[in-house]
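Presented below is the structure to which this report refers.
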Amino acid sequence: MNKLALIKVGGSLITDKTKPLTTREDMMRIVAQGVRKAHDQFPETALIVGNGAGSFGHYLASQEAGADPSERIYAIHESVVLLNKIFAQHLTDEGLPAVTIIPSDYISAERGTVRAFATGEIEDILSINSIPVLFGDIVDDGTERGMIFSTETLFEMLMDALREEYEMTVMYLGETEGVLDESGSTVPVLSSLKWKEMGSTIKAPEGYDVTGGMTHKIESALKAAPYAKDVRILSGKNVDAIADVLANKDAGTRIVV
């Protein structure tokens, strides 16, 4: 079976979520270098990279008062496209064959329900050994607010579409070494049961966030665990992190059923 790694790059890692529309390009460079290392060391593993919306999409999504609905949806979409363009440029600067996919071009939704997610373009990009780069986006679903798709949600849909073809590894890169317990120590392994026990101790994200921060990440990772060989939440500040996971080294928090 073919191998595939899905790498979610947290918006809190590559933007300053306390300041509107503010990038952290030093972190973008580190992540891009980490993807490059993994690409070079594990050429047999296909890669899909997705970045969060950070202080771009989350900030604009939180500014609802007095906004015209269609203008708001357009503004959110344009902001996440811009962030992805900046991030993807760092990937290409590292010599990676990165190809941006704009999610809303391939998703149809109606009043909060997904009607279709056309993955053919993503599969075509993988087939030529290139790297699809996705991002959290918003879709006009016929409601005033539109329908926001986090990168985690996109990954869940992709895993469902690709699981028969690929053995998958899923990584969620953030600022911390993994999921932290009450004392600030990294939890080495997190199961559904353990998550129920500690969920209330997870701090709300600082700054702008409309999709749930670490809580949303953990819940998405738990959904991925039954279908992936390995699911990890780990630090994107470590340039070796992605390659370490692919090398089956212990890193971050491992998510299990």
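Scan the stretch 34-47 for residues that are part of a helix (DSSP H, G or I), out of contact with any Asp or Glu (no Cβ under 6 Å at 6 or more places or on another chain) and in contact (Cβ under 8 Å) with a residue 40 or more places away in the chain and jot them down. Selection gives Gly34, Val35, Lys37, Ala38, His39, Gln41. When the stretch 17-32 is filtered for residues that are surrounded by fewer than 17 Cβ atoms within 10 Å (Cβ to Cβ) and either touching a strand residue (DSSP E or B) at 6+ places or on another chain (Cβ under 9 Å) or part of a helix (DSSP H, G or I) (or both), the ones remaining, listed by number, are Leu21, Thr22, Glu25, Asp26, Arg29. With respect to being touching a helix residue (DSSP H, G or I) at 6+ places or on another chain (Cβ under 6 Å), in contact (Cβ under 8 Å) with a residue 60 or more places away in the chain and not charged (D, E, K, R), Ile30 falls outside the description. Can you spot a residue in the stretch 105-124 that is on the phi > 0 side of the Ramachandran plot and modelled with pLDDT of 90 or more? There is at least one residue in the stretch 105-124 that is on the phi > 0 side of the Ramachandran plot and modelled with pLDDT of 90 or more. Residues in the stretch 104-159 that are exposed (fewer than 15 other Cβ atoms within 10 Å of the Cβ), hydroxyl-bearing (Ser, Thr, Tyr) and either without any contact (Cβ under 8 Å) to a residue 12 or more places away in the chain or under 27 Å from Thr215 (Cβ atoms) (or both): Thr113, Ser127, Thr143. Summed over the stretch 148-182, residues that are within 17 Å of Gly252 (Cα to Cα) and of a type in the set (A, V, I, L, M) total 5. Restricting attention to the stretch 160-176 and to residues that are in contact with a Ser or Thr (Cβ under 8 Å, 6 or more places away or on another chain) and surrounded by fewer than 19 Cβ atoms within 10 Å (Cβ to Cβ), the residue that is modelled with the lowest pLDDT turns out to be Glu175. A count restricted to the stretch 162-202 and to residues that are charged (D, E, K, R), touching a residue at least 24 places away in the same chain (Cβ under 8 Å) and part of a loop (DSSP other than H, G, I, E, B) stands at 4. The residues of the stretch 99-134 that are in a strand (DSSP E or B), hydroxyl-bearing (Ser, Thr, Tyr) and more than 20 Å from Arg145 (Cβ to Cβ) amount to a single one, Thr100.
The values are calculated or read from the model by the stated rules, or taken from the named source; none is laboratory data. These numbers come from a predicted model, not from an experiment. When we count neighbours, we look across all protein chains shown, and the Cβ atoms used for this are built from the backbone with ideal geometry, even at glycine.
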